Amino acid sequence: MKKPTNTPSGAAAVSPGMPRGGAGRNGRSGKEEAGAVGVGRAGPVPQEDGRCRVWIEGVSPELDAGRYAIKRVVGERVEVEADIFADGHDVLAAVLRYRPGAAGEWQEERMTALGNDRWRAAFEVTEPGVAEYTLEAWVDAFETWRHDTEKKRKAGQEVSVELLAGAALMEAASGRAGGREGRWLKEEAAAVRGDGTGGAVEARAERAMGADLAEAMARHPDRRLATRYGRVLRVTVDPVLARFGAWYEMFPRSCPGRQGPHGTFRDVEAVLPRIADMGFQVLYLPPIHPIGRAFRKGRNNRTECEPGEPGSPWGIGGAEGGHTAIHPELGTLEDFRRLVGRARALGIELALDVAFQCSPDHPWVREHPGWFRKRPDGTIQYAENPPKKYQDIYPIDFETEDWRGLWEGLRGVFLYWLGQGVTVFRVDNPHTKALAFWEWAIGTIKAVHPEAIFLSEAFTRPKLMYALAKLGFTQSYNYFPWRNAKDELTEYFTELTSSPVREFFRPNLWPNTPDILTQYLQAGGRPAFMTRLVLAATLGASYGIYGPAFELCENRPRSAGSEEYLNSEKYEIRNWNWDAPGNLTELIRSVNRIRRENPALWANEGLRFHRTDNPQLIAYSKATASLDNILLVVVNLDPHHVQSGWLELPLDDLGIDRSGNFQVHDLLTDARYPWHGARNYIELNPQLLPAHIFRLRSHLRSERDFDTYQ
């Protein structure tokens, strides 16, 4: 909730972040080997052994010199690249070392040389938690020998002495290999030396150059002088829901179809099948706690509250309890647990709002007065953003002398609800709380509950928003609601998906929230809601809507120039009619079905914008790495007028054959169109449907095939 606060963001000097992994010694699959291991360069550091000649730098992905973990979800790959080189012209070898956590066994993948001293390898993360990775490289003595010996052979030089040197390398490798392969290498060494038979030099040399021998030697290299990268880097591995999901926000007290003046958890339970049928994976509930009575706000945020008005759910705390209590009119803890279970049975996770602020009636105000800032007259400082005053909210003071007790108390809120089966949290205004607290709290919670997901509601400065993501927040609200023009959307989403930001910042796109009714939605009416729905659901792998208000295209502001809703549900109970004329229910259901059925939309990577000759038409595609699922989205950004123009596509990049004949299938309308060549015509009427979501279907291989689709 976008309530201002005067709480400073500083905290006592402490940095209790997640445990840092230390660099291990040499080895494969957790088995240590003796020998010197150089420390890879992460700045000038002393070598353990000056004979370690390989240099490792430019590792990617790596956040702030390894200070923070990158993010992945279960089943995703981590592609790692680095600059690896040494003096001279020796052949190098390198491996990517990885493990599921500090206690796991190290595994290795050989790295591939890409050219210009750049190397790459990848591994897959398979379970929630923290994975680790680092690099190791060495001079490959055998491959260097093969390379040099082959050059001499091609130059017509005699290589009998070189064969003795190669045989010695094989002999040494046989000892490292052991077993059957060790015996085979020993036999090969003898043959290359010419033991017993002597053998022709050329025949022995040809045997030494065999592919099977090269592979065996690569499996058992001499790594005594290997260089290990000086950092063990981390990956926070989350459930798939952290990357892909559709969120639906609903106030339970206003639940449509409820019995009585105040909705209950049982009423929410009754509408779960509808929300599941619409294709949502997360149902997000604003705070469900008791609401304070002191300075309770009335309708439309009036400072005077009339009898019977329910107040704002973000005014947390009353005689019934605080952040671990339930508003009595919603039901009991047993009702809540039942709701969590019924939702999960339908494939829906329940998300709770965690807002660390208190009403004057909150138990913490009595029990921990030191957690709040006092004014000179002895009263507690309430939140304000002059000329606005929020007397119903007490911000928490993160500079309190009892900061340790405060931190434990706040973390305890998450742990309590995790104990009730909740694994998804939307965190209110985290940018107004100490950053060090978030790193400690989220890190220690996820060490025990790696399945937990934290959505940051921080509409703030970019660097602060990004810092919260690095410190542990799983997903983040962002600037999408206010990016309306084609160039704004293109620039912003290029940054989010094609820059290093993509390694740690997962955007969750919301066209509206209870606090945000943008001017675009106010002025554009129903077409604007349709436009923003398609953009949110296809630009991002995760998106959400403030449900009933969005479904019914609610666009009346409290006053001109305001982004607050008239008769805001934050301050009163609303009687929503989901079946009202003009609702977007069917369109939302269709869009979510398209998302589920097309893997190209399951991730943020693969987003690419395409040229149109009309600034009101934006076009972009998403594709799986194998190009077996390619979606092309074209949206009319003008909610008032028909817009048309020509779209250009990079056919080669999309895997379209050179004939240029292909079919596009509009998944929203089921219409199919034959297209030819890179340029094709688009026309969109926003009053009917302001967008196409095309799937590029099987390519049309001949003019005859092309004609059949016209």
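Points worth noting:
- For the range 237-275, taking the residues that are of a type outside the set (A, V, I, L, M, F, W, C) and without any contact (Cβ under 8 Å) to a residue 40 or more places away in the chain, the one that is nearest to residue 352 (Cα to Cα) is identified as 267.
- Considering residues of the range 391-434 that are of a type in the set (Phe, Trp, Tyr) and under 22 Å from residue 458 (Cβ atoms) only, the residue surrounded by the most Cβ atoms within 10 Å (Cβ to Cβ): 394
- Matching residues, the range 655-668, being at pLDDT 90 or above and either assigned to a loop (DSSP other than H, G, I, E, B) or of a type in the set (Phe, Trp, Tyr) (or both): 662, 667, 668
- Test: residue 232 is among the β-branched types (Val, Ile, Thr), under 30 Å from residue 132 (Cβ atoms) and out of contact with any His (no Cβ under 7 Å at 6 or more places or on another chain): yes
- Residues of the range 321-336 include none that is at pLDDT 95 or above, touching a strand residue (DSSP E or B) at 6+ places or on another chain (Cβ under 9 Å) and acidic (Asp, Glu).
- Evaluated against (1) outside any helix (DSSP H, G or I); (2) under 27 Å from residue 384 (Cα atoms); (3) open to solvent by less than 50 Å² (accessible area, probe 1.4 Å), residue 350 falls short on exactly one condition, (2).
- Evaluated against (1) in contact with a helix residue (DSSP H, G or I) (Cβ under 8 Å, 6 or more places away or on another chain); (2) open to solvent by less than 50 Å² (accessible area, probe 1.4 Å), residue 647 falls short on exactly one condition, (1).
- Of the candidates 92, 114, 96, the single residue that is open to solvent by 60 Å² or more (accessible area, probe 1.4 Å), over 22 Å from residue 474 (Cβ atoms) and either at pLDDT 95 or above or in contact with a Lys or Arg (Cβ under 9 Å, 6 or more places away or on another chain) (or both) is 114.
- Qualifying residue in the range 210-221 (condition: of a type in the set (A, V, I, L, M, F, W, C), under 26 Å from residue 508 (Cβ atoms) and open to solvent by less than 50 Å² (accessible area, probe 1.4 Å)): no
- Scope the range 275-302; condition crowded, with 21+ Cβ neighbours inside 10 Å, part of a loop (DSSP other than H, G, I, E, B) and over 29 Å from the mean Cα position of the chain (by Cα); matching residues: 289, 290, 292, 296, 297
- All positions within the range 424-446 that are among the hydroxyl-bearing types (Ser, Thr, Tyr) and closer than 19 Å to residue 477 by Cβ: 432
- Here residue 555 passes the criteria (1) open to solvent by 10 Å² or more (accessible area, probe 1.4 Å); (2) under 17 Å from residue 639 (Cα atoms); (3) assigned to a helix (DSSP H, G or I) except the one numbered (3).
- Scanning the range 243-253 for residues that are outside any loop (DSSP other than H, G, I, E, B) and either at pLDDT below 95 or out of contact with any Lys or Arg (no Cβ under 8 Å at 6 or more places or on another chain) (or both) returns 245, 247, 248, 249, 252, 253.
- Residue within the range 479-487 that is of a type in the set (Ser, Thr, Tyr), under 29 Å from residue 446 (Cα atoms) and free of Cβ contacts under 8 Å to residues at least 60 places away in the same chain present: yes
- Residue within the range 319-329 that is open to solvent by 10 Å² or more (accessible area, probe 1.4 Å) and assigned to a helix (DSSP H, G or I) present: yes
The values are calculated or read from the model by the stated rules, or taken from the named source; none is laboratory data. Predicted model only: the values in this text are computed from it and were never measured. Cβ: placed from backbone, ideal geometry, glycine included. Neighbour counts: every protein chain shown. Calculation scope for accessible area: heavy atoms of the full protein, side chains included, ligands and nucleic acids excluded. Shrake-Rupley method; radii C 1.70, N 1.55, O 1.52, S 1.80 Å.
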